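Notes follow the structure.
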Number of protein chains: 2
Amino acid sequence: MTGGIERVACVGGGVIGSGWAARFALNGIDVWLYDPDPDAGSRAEVVLANAEHAYSRLFGDMRPAPGALRIARSVAEAVDGAGFVQESVPERLDLKRRVLAEIGAAAPAGAVVASSTSGLLPSAMQEHMQHPERMLVGHPFNPVYLLPLVEVVAGRRTAPETVERASAVYGGLGMKPLVLRKEIDAFIADRLQEALWREALWLVHDGVATVGEIDDAMRYSFGLRWAQMGVFQTYRLAGGEAGMRHFLEQFGPCLAWPWTKLTDVPELDDALIDAVADQSDRQAEGLSTRELERIRDDNLVGILEALERSGPAGWGAGALLSEARQRMRERSGG
Amino acid sequence: MTGGIERVACVGGGVIGSGWAARFALNGIDVWLYDPDPDAGSRAEVVLANAEHAYSRLFGDMRPAPGALRIARSVAEAVDGAGFVQESVPERLDLKRRVLAEIGAAAPAGAVVASSTSGLLPSAMQEHMQHPERMLVGHPFNPVYLLPLVEVVAGRRTAPETVERASAVYGGLGMKPLVLRKEIDAFIADRLQEALWREALWLVHDGVATVGEIDDAMRYSFGLRWAQMGVFQTYRLAGGEAGMRHFLEQFGPCLAWPWTKLTDVPELDDALIDAVADQSDRQAEGLSTRELERIRDDNLVGILEALERSGPAGWGAGALLSEARQRMRERSGG
């Protein structure tokens, strides 16, 4: 039982939609996936294989029987009888509205309808829905089957009960639902990521560093910190015994220094796109997307297990993993 | 042998200076530490104890005999006979210049003089030095004894040989020297961190999220990605088989959306400082700085070991750890 849901619909079968399908299925829930692309089914199988590899390492034999992953021929067929619908179509408001209206018209009255949008406002997306009260945003992170965070964002017309039900479903998948206090563009995580991403593009644009050098600067330093404590708890410790207040007094002024390209957005012209794409190809050192995905997933599994071993109750995502193992054990009757 | 250095001087004994002292000492190098604060010695012992706990987990018995950590009564006494000097005094250009001039006057002619500054330009700091050619920036990350990255930045008057020698010394400590192509304020890592930090402060300022919620948004999602791949390799995979070029075409336009507080720097007035500091206290849930440092270090050790287990040769910081183990084994004659 995952928040009482036994069958879900995933509408949109790209990297995110397939990741959702894998996460639901490997938690024992039947999934109907719809995507207009005829190759969506084979793409989803590849993602499911990656997810199975990761889950076999994380949960071994204590996994419940996986749910079935079926390909639907239409949105209506996908959502028919579904208790939960996860929409993951491309980030265009007009397209989202059209698909969500179609889902709303065909889904059972009791179904929650969640959008994976990484930044569009639920109030804008739910406008043309027959039942906006059951629609909200559930924004996940790639790879969806491994990363715990899901940002839960209610629109003006979303019912509080919908937020509770969606959070229960996501929690039942071993995820960390973060319910936003306010509805804002890009929510929380993408505002933070986008601020850094913009600066990273400037560093490439200005020839200060290559794509590979920037990634090294992250994965050999603050990336290792942010994986287990965010930026605030990390800086609290940088302040020494005096803590956060001392840190803010010490480093606060730096904020006003001309350290970042405050005002400008880098133009993604052909030259910058070529530079980033070509440097990215060199950085991959001949490894295919499949190979890099496997390395990433093995690293994430190892990091999650390392966090689980920290302290008696685990730490952050590690504690979440312990709870997920327990839940899996119960569901598999082990 | 660590780049041929057997004795180093650490000038400045705060969180960073003490971290350097611990990293040098636990790599078998004698350290003379100078700090005007009479409590510096006991603070350094606490950091050394943290570092010993982490190194015993990482390297067990294969560690070489630790170098001696001695407290000097003056800069001159600290740098006397030192082959390498690491300056870690507070981030004020006037103070850095004065201390670096003092170091330059007293250090052996052959000594490299490195500053831990997190953003000041080496060209500006070396101005009043007798031998600017041997001065450069070696910017580390807290905890210095565990995080591998050190940004190596040459000033206008730094000799190329100084960059090579400093990189060799840092590499011998199991670190990842990243030599910058250009001398820019805040270098690479702090430009990226500061862009995100500024946005995080806005989210608190605007009441969108608490300090704890922002840290959760990071450590349950993209923090886990950035610890093992940086932002570019991560987004390469978000693009699916089509890779980075597809990702840029798909998400590039988002950069121009009004997602971040592009132009403004949040004012760290009392209200914001109180909000951040108080929320940080709540987030700590009664854990002391010492306890949080131990949790952080145990997590970092676990993450580094997880990355070492990835693939035959380890991944990024994991491969670096394997090399460090090998070097330790050789030095300890094990």
Taking the Cα centre as origin and putting +1 on Lys and Arg beta-carbons and -1 on Asp and Glu beta-carbons, what dipole magnitude results for the protein assembly as shown, to the nearest 20 debye? 1140
Could you work out the Rg to Rh ratio of chain A, with Rh taken as the Kirkwood radius (inverse of the mean 1/r over all Cα pairs)? 0.98
Volume per residue, Å³, of the convex hull around the alpha-carbon atoms of the range A:164-247? 167
Mean Cα-pair separation over length for the range A:272-328, i.e. relative contact order, pairs under 8 Å, 6 or more apart, %: 18
Assign one of three labels to the range B:47-110, namely rounded, prolate or oblate, based on the Cα gyration tensor with a ≥ b ≥ c the square roots of its eigenvalues; rounded applies when a/c is under 1.5, prolate when it is not and a/b is larger than b/c, and oblate otherwise. prolate
Report, by chain and number, residues whose modeled amide H sits under 5 Å from the one on B:Glu151, excluding near sequence neighbours (fewer than 5 apart, same chain). B:His139, B:Leu178
Most positive-pole-ward Cα, B:Gly81, A:Pro140, B:Leu201, against dipole of the protein assembly as shown from beta carbon charges: B:Gly81
Could you state the angle between the C-alpha long axis of helix A:15-26 and the longest principal axis of the C-alpha atoms of chain A, as a value from 0 to 90 degrees rounded to the nearest 10? 60
Solvent-accessible surface (1.4 angstrom probe) belonging to A:Met62, in square angstrom, nearest 10: 50
Would you mind giving the mean number of other chain beta-carbons within 10 Å of the Cβ of each residue in B:61-70, as a whole number? 0
Please get the size of the charge dipole for chain B, origin at its Cα centre, with Cβ charges of +1 on Lys and Arg and -1 on Asp and Glu, quoted in debye to the nearest 20. 1320
Accessible area per residue in Å² at 1.4 Å probe, computed on chain A: 35
With the Cα gyration tensor of the range A:189-331 giving a ≥ b ≥ c as the square roots of its eigenvalues, does the rule (a/c under 1.5 for rounded; else a/b larger than b/c for prolate; else oblate) give rounded, prolate or oblate? oblate
So for chain A, taking the charge dipole from beta-carbon charges (+1 Lys/Arg, -1 Asp/Glu), which of A:Cys10, A:Ala317, A:Pro64 sits furthest toward the positive end? A:Pro64
Cα centroid of the range B:176-199 to Cα centroid of the range A:42-57, whole Å: 36
Residue-averaged beta-carbon neighbours from other chains (10 angstrom radius) around B:198-204: 6
Going by amide H atoms built from the backbone, whose H comes under 5 Å of the H on B:Glu87, apart from near neighbours? B:Val11, B:Ala114, B:Ser115, B:Ser116
Roughly what angle does helix B:160-172 make with the longest principal axis of chain B, taking Cα atoms, 0 to 90 degrees, to the nearest 10? 80
3J(HN,Hα) from dihedral phi, the range B:60-69, Karplus parametrisation 6.51/-1.76/1.60, rounded to Hz, x for glycine, proline: x, 7, 7, 6, x, 4, x, x, 7, 10
I need the Kirkwood Rh of the range B:101-212: take the reciprocal of the average 1/r across all distinct C-alpha pairs and report it in angstrom. 15.3
When the Karplus curve 6.51 cos²θ - 1.76 cosθ + 1.60 is applied with θ = phi - 60°, which whole-Hz ³J(HN,Hα) does each residue of the range A:127-135 get, with x for Gly and Pro? 3, 9, 8, 5, 10, x, 5, 9, 9
What is the percent carbon and sulfur in the accessible area of the protein assembly as shown, measuring with a 1.4 Å probe over the protein chains and ignoring ligands? 51
Peptide A:171-179 - average C-beta neighbours from other chains (10 Å radius): 2
Given Cβ charges of +1 for Lys and Arg and -1 for Asp and Glu, the option among A:Met175, A:Pro108, A:His131 whose Cα lies farthest towards the positive end of the dipole of the range A:7-179 is A:Met175
The Cα radius of gyration of the protein assembly as shown, divided by 2.2 N^0.38 Å with N its residue count, comes to 0.98
What is the count of Lys pairs in the protein assembly as shown whose alpha carbons sit under 29 Å apart, if the two are 8 or more places apart or on different chains? 13
Whole number please: convex hull volume per residue, Cα atoms of the range B:1-118, in Å³. 95
Applying a 10 Å radius around every beta-carbon, put A:78-88, B:214-224 in order of their mean neighbour count, most first. B:214-224, A:78-88
Kindly write out, for the range B:31-47 in residue order, the coupling ³J(HN,Hα) from the Karplus curve 6.51 cos²θ - 1.76 cosθ + 1.60 (θ = phi - 60°), rounded to whole Hz, with x marking Gly and Pro. 10, 10, 10, 10, 8, x, 6, x, 7, 4, x, 5, 4, 5, 5, 5, 5
Counting alpha carbon pairs within less than 8 Å and at least 6 residues apart, what relative contact order, in whole percent, applies to chain B? 16
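The values are calculated or read from the model by the stated rules, or taken from the named source; none is laboratory data. Note that the coordinates shown come from a computational prediction; the quantities given were computed from them, not determined experimentally. No Cβ is skipped: glycine too gets one built from the backbone with ideal geometry, and neighbour counts run over all protein chains shown. Each accessible area value is taken on the protein alone, full model and side chains, heavy atoms only, with ligands, DNA and RNA left out. Shrake-Rupley method; radii C 1.70, N 1.55, O 1.52, S 1.80 Å.
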